Amino acid sequence: MHIDWFVFFSQIVNFLILLFLLKKFLYGRIIGAIDARKAKIGALFAEAEQSRQDARTAAEDCERKRQDLEERYEQSLNEARREAETYRERLMEKAREEVDYLKVRWTEALRAERNNFLHELRQLAGRQIYAATRRVLKDLADLNLEERIVEVLLARIASMDENERNKFRGPAREGGTITVTCAFDIPTAAQARLNDTLHRYLSGDMDVTYVRSDDILSGCELRSDGHKISWSMKDYLDTIEERFYSALYEEAQEQRT
Amino acid sequence: MEVVAINQISPDQVILFSWWFVTISATLLYTWLVMGVLVIGSILITGNLSSDPIMTRWQSVLEVLVETIRSEIGDVVKDGVDTYFPFIGTLFLFILFSNLFTFIPGYVAPTSSLTTTSALAIMVFFAVPIYGISKQGILEYLKEYFRPTFIFFPFHVMGEFSRTLALAVRLFGNLMSHEKVIAILLAVTPLLFPVVMQVLGLLIGIIQAYIFAVLTIVYIASATQSHEEAEHKTKEPNSTNR
């Protein structure tokens, strides 16, 4: 077991050569590759981290935009609701006004129709009562209704007090006329009696005009410058109209209930 | 070349060429073989290294090997791993591959020669003060020999020599004795038993390479770090000595 000094130094040299060669071909390259890989992976990680940050920022941005959109959507929806509510209320108000208008018109139409009906009823009733009264008077007492009406008018003229007569005399003295309006043609004899009576109680030189008018229901009136005396079936017909009106109202109330 | 005979105690005895004082023995031949394999293998593998995450299997093996050695060094020394790495890595790889190639018939590990192990131990013997002085400066390094008192100086010097001797003899003894045991067993029981011993021999070879490298790291670390740290960290792993 001896040491060969040539081999000993040769091994030292061999080792140093091996050290140099491995350092050149193995360690340097391998460590370089490892460091390069570490740097590359580090760069990749940094890039990934950057991408993650970007993605997070983008996600936060998207979330913020989404919330903005949601808020705006809610706002728009609320505005639309408010507008729709306002529009609905306006439409309701308009419909209510139209209904009220139609109701008023309908009420007015109904009232006009009722008035027309009552007017026609009044006319018809007046005529019927007049005709019936005329026949009754003729049949029972052999009297002429028109003559009786003129008689009543004459009696009223005769029974006027002085104050009332002066109301008619004033216009007569100024050249005015007295108009006698009747619902029928006054017979000539009756006209003569009326002339006499008027001339006697009011004024002797006044003109008397005779007019027939259907507006005066079964009666006669004396008119001069806004003053008049008359007799007609108006009071009776007013009573009848009032009764009919009450009957119609009660009927309508019953139908409603 | 003839297989090393039982009466030949060392591959140094197998002289292949001799001229004056130049003698080319089997030790040198097998050393060159190991060197050639290491260098050519390194050149081939590192010829097309990839710095991408995807790499070849050989590159992956080499990187694992290099990183393992670096981490082992890093466990002992605090800093300057790459300063010591080429020296310690080369020691480890050379001893490892010298021992592993014993499965080749006719091959005799150069590390079973006391000349080779002595050369390696002498390099460690010189490397330790070189690294220590370069790290701490010559005065600070020499002060270590007089700590804790100057009385310890001879013991420190004796320690330097004795551990160098221990390095050389430990590696030589393990490898040489194993080869002799294999040779004897081949003569006595030439069946399966020598194969089992051969496998055991590979394990011993790996362990011895590791021990040699680790001890070298520890010696360098003790020389490059402060006295207190060195005392704390340096522990002679006597349990690994055989």
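The values are calculated or read from the model by the stated rules, or taken from the named source; none is laboratory data. The structure presented is a predicted model; accordingly, all values stated were derived computationally and were not measured. Cβ coordinates were reconstructed from backbone atoms using ideal geometry, including for glycine residues, and neighbour counts include every protein chain displayed. The area values use the complete protein model at the heavy-atom level, side chains included, leaving out ligands, DNA and RNA. Shrake-Rupley method; radii C 1.70, N 1.55, O 1.52, S 1.80 Å.
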### Cβ-derived FRET efficiency at R0 30 Å, residue A:17 paired with residue B:75, nearest 0.05
0.55
### Message
Using DSSP to call loops (not H, G, I, E or B), can you name the GluC sites (Glu not before Pro) in the range A:139-219 whose Cβ has at most 13 other Cβ atoms within 10 angstrom?
### Response
A:174
### Query
Which whole-Hz couplings ³J(HN,Hα) result when phi for each residue of the range B:63-68 is put into the Karplus expression 6.51 cos²θ - 1.76 cosθ + 1.60, θ = phi - 60°, listed in order with x for Gly and Pro?
5, 4, 4, 5, 5, 5
### Query
Quick one: if the Förster radius is 30 Å, what FRET efficiency do residue A:50 and residue B:50 give, using the C-beta to C-beta distance and rounding to 0.05?
0.75
### Message
So for the range B:11-240, if I pair up every lysine 8 or more residues apart or on another chain, how many of those pairs have alpha-carbons under 27 Å apart?
### Response
9
### Task
Express the accessible area of the range B:18-85 per residue in Å², computed with a 1.4 Å probe while the remaining protein chains stay in the model.
55
### Whole-Hz ³J(HN,Hα) from phi, Karplus 6.51 cos²θ - 1.76 cosθ + 1.60, for the range B:152-169, glycine and proline x
7, 4, x, 5, 4, 5, 4, x, 4, 5, 5, 6, 5, 4, 4, 4, 5, 6
### Message
Compute and list, largest first, the equivalent-ellipsoid semi-axes of the range B:11-240 from the alpha carbon gyration tensor, each √(5λ) rounded to a whole angstrom.
### Response
33, 24, 17
### Message
What does DSSP give for the protein assembly as shown in terms of the percent of beta bridges that are antiparallel, rounded to the nearest 5?
### Response
70
## Note on the structure
Amide H contacts under 5 Å for residue A:210, restricted to residues at least 5 apart in sequence or on another chain and with H modeled in the peptide plane, are A:180
### Within the accessible area of the range B:74-191 (1.4 Å probe), percent carbon and sulfur
78
#### Entry: Under-5 Å amide H pairs with residue A:143, H placed in peptide plane, nonlocal only
A:138
### Solvent-accessible area per residue for chain A (1.4 angstrom probe, square angstrom)
70
### Message
Need one value for A:27-38: mean number of C-beta atoms belonging to other chains within 10 Å of its residues' C-beta atoms.
### Response
6
### Task
Given the peptides A:103-109, B:214-220, arrange them by the average over their residues of other C-beta atoms within 10 Å, most packed first.
B:214-220, A:103-109
### Query
Looking at the range A:99-165 from every direction and averaging, what is the projected area of its Cα convex hull in nm²?
7.8
### Query
Is there a simple number for the mean count of other chain Cβ atoms within 10 Å of the Cβ of residues in B:39-52, and what is it?
5
### Query
In whole Å, how far is the Cα centre of the range A:20-91 from that of the range A:192-223?
113
### Query
Two-decimal Rg/Rh of the range A:144-245 from alpha-carbon positions, Kirkwood Rh?
1.00
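List the accessible area buried at the contact between A and B, summed over both sides and calculated with a 1.4 Å probe, in Å² to the nearest 100.
About 3600 Å² of accessible surface is lost on pairing.
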## Note on the structure
For residue A:230, other-chain or 5+-apart residues with amide H closer than 5 Å (H placed, Pro excluded) are A:222
### Task
Whole Å is fine, so just give me how far the alpha carbon centre of the range B:94-167 lies from that of the range B:169-210.
24
### Phi to ³J(HN,Hα) by Karplus 6.51 cos²θ - 1.76 cosθ + 1.60 over the range B:101-114, Hz, x for Gly, Pro
6, 5, 6, 6, x, x, 7, 10, 5, x, 6, 8, 9, 5
### Query
Among the Cys residues of the protein assembly as shown, which have no other cysteine Cβ under 4.7 angstrom away?
A:62
### Query
Looking only at other chains, what is the average number of their beta-carbon atoms within 10 angstrom of each beta-carbon in B:18-29?
3
### Summary
For residue A:123, placing the label point 7 angstrom along Cα-to-beta-carbon and taking the range A:208-230, residues whose amide nitrogen sits under 19 Å are A:212-220
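When DSSP beta bridges are limited to those with both residues in chain A, what percentage is antiparallel, rounded to the nearest 5?
If we restrict to bridges inside chain A, about 60 percent are antiparallel.
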